[in-house]
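Written out below as structure tokens is the structure these notes cover.
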Amino acid sequence: PLDGIRVIDWTAYQFGPVSTMMLADLGAEVIKVESLDGDPGRRINPTSQLPSQLPAGVSAYFESLNRQKKSIALDLKNPKGVEVMCRLAAKSDVLVQNFRQGVAERLGLGYEDVVKHNPKIVYASATGYGPKGPDSRKPAFALTGEARSGSLWWGGPDDGLPYNLLSIADQMAGIMLSYGILGALVARERIGIGQKVDASHLGGMMWLGGNRYGMALITKNAPLRQTRTSARNPLWNYYRCQDGR
């Protein structure tokens with residue numbers, strides 16, 4: 001369905017690459033833009049107790065997040081590199097970036113800069129805590145979004161301790177960013193304008209929490225953790241089986 005759509009993927013690690021990979025899966029042409037020393041994700045090893053180093057120094061972590069993408073390396077601290085990026089944006093449909101707020105703007109590649117070259121572009125920004133508020137410019141990663149949203153608490157075991165969700169926030173926020181991009185592309189088809197789209201680790205995990213947060217806002221009560229003993233229905237619970245699992 002996205003055949004003919006060109007996406008500039010100026011992202012690193014996992015959150016942004018998940019989103020652009022999903023767009024590539026739907027048929028978009030995705031051009032990944034890396035710094036001259038490459039996406040830092042190329043150097044992550046091991047991950048989830050799995051070795052990620054493949055022959056010839058290739059990273060399984062990087063490959064699993066960047067399938068079907070084209071690649072270019074640019075020095076965006078050099079005006080010539082920025083010029084190339086702007087030329088790419090001018091003939092693309094989407095630009096995705098996942099840098100802390102202010103980084104793209106300092107390089108001359110914020111939304112207000114890019115839209116001058118392409119008024120109809122969909123500019124997608126992936127952040128930790130969203131575009132506004134006291135924490136909007138703070139650095140973040142998956143675990144901070146999971147913690148701040150309460151997900152480490154409600155998703156943990158019965159002993160009451162937090163539980164490492166292993167980058168679920170990167171995956172969830174990446175899905176939400178893709179969802180926003182697709183909505184913006186539909187809007188552009190209908191009314192002919194581009195727009196800026198934002199998604200965050202915190203927002204994605206709040207959404208993943210489902211109706212517990214919606215109900216809490218309506219009733220003005222904090223949601224409680226649902227343990228095995230608080231289940232209302234024996235069919236809506238979990239049990240240790242004879243094999244110990």
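The values are calculated or read from the model by the stated rules, or taken from the named source; none is laboratory data. Since the model is a prediction, treat every value here as computed from it, not as a measurement. So basically every Cβ, Gly included, is an ideal-geometry build from the backbone, and we count neighbours across all protein chains shown. We work out accessible area using only protein heavy atoms, side chains counted, and drop any ligands, DNA or RNA first. Shrake-Rupley method; radii C 1.70, N 1.55, O 1.52, S 1.80 Å.
Ranking G174, V197, W154 by how far each Cα lies toward the positive end of the dipole of region 142-204 (charges on Cβ) leaves V197 at the top. In vacuum, with every alpha carbon of region 203-245 counted as one equal point scatterer, what does the Debye formula give for log10 I(q)/I(0) at q = 0.13, 0.16 Å⁻¹? Two decimals, please. The Debye formula, applied to the Cα set alone, gives -0.44, -0.61. Packing-based ranking of 111-119, 191-199, 26-34 yields 26-34, 191-199, 111-119, ordered from highest to lowest mean Cβ neighbour count within 10 Å.
Summed over all non-identical Cα pairs, the Kirkwood treatment of region 22-116 gives a radius of 14.9 Å.
At what distance in angstrom do the alpha carbon centres of region 17-38 and region 69-102 lie from each other? Distance between centres, Cα-based: 12 Å. Between the alpha-carbon centres of region 163-180 and region 124-141 there is a gap of 14 Å.
Of all accessible surface on the chain at a 1.4 Å probe, what whole percent is carbon and sulfur? The value for the chain is 58 percent carbon and sulfur by accessible area. With both residues required to sit in the chain, DSSP beta bridges show an antiparallel share near 10%. In this structure, the amide hydrogen of K196, modeled 1.01 Å from its nitrogen in the peptide plane, lies closer than 5 angstrom to those of Y123, counting only residues at least 5 positions away or on a different chain.
The residues packed around S35, meaning those with a beta-carbon under 12 Å from its beta-carbon, carry a net charge of -1 if Lys and Arg are +1 and Asp and Glu are -1. Sorted largest first, the principal axis extents computed over the alpha-carbon atoms of region 33-76 equal 34, 20, 19 Å.
If you bin all the Cα-Cα distances of region 170-245 at 5 Å, starting from zero, the percentages per bin are 3, 13, 12, 13, 14, 14, 12, 8, 5, 4, 2, 1, 0. The mean sequence distance of close C-alpha pairs (under 8 Å, at least 6 residues apart), as a share of the length of region 154-245, puts its relative contact order at 24 percent. When peptides 92-98, 60-66, 162-168, 15-21 are sorted by average Cβ neighbour count within 10 Å, with the highest value leading, the order is 15-21, 92-98, 60-66, 162-168.
Extents of the chain, largest first, come to 62, 48, 36 Å (Cα atoms, principal axes, whole angstrom). Under the convention that each Lys and Arg Cβ holds +1 and each Asp and Glu Cβ holds -1, the size of the dipole of region 139-191 around its Cα centre is about 360 debye.
Remark: region 123-245 carries a charge dipole of roughly 320 debye about the Cα centre, counting +1 on each Lys and Arg Cβ and -1 on each Asp and Glu Cβ. Over the chain, what is the relative contact order in percent, taking alpha-carbon pairs closer than 8 angstrom and at least six residues apart? This gives 18 percent for the chain. Ellipticity at 222 nm from helices only: DSSP H runs of n ≥ 4 in the chain, each -39500 (n - 2.57), divided by the residue count, give -10000 deg cm²/dmol.
Taking a ≥ b ≥ c as the square roots of the eigenvalues of the alpha-carbon gyration tensor, region 1-40 is classed oblate because a/c is 1.5 or more while a/b is no larger than b/c.
For the chain, the Cβ-based charge dipole about the Cα centre amounts to some 460 debye (Lys, Arg positive; Asp, Glu negative; other atoms uncharged). I need the P(r) histogram for region 73-173: all alpha carbon pairs, bin width 5 Å from 0 out to the longest distance, whole percents. Taking all Cα pairs of region 73-173, the binned fractions are 2, 12, 18, 17, 14, 13, 9, 6, 5, 3, 1, 0 percent.
Summing Lys and Arg as +1 and Asp and Glu as -1 over all other residues whose Cβ lies under 12 Å from the Cβ of F141 gives a net charge of +1.
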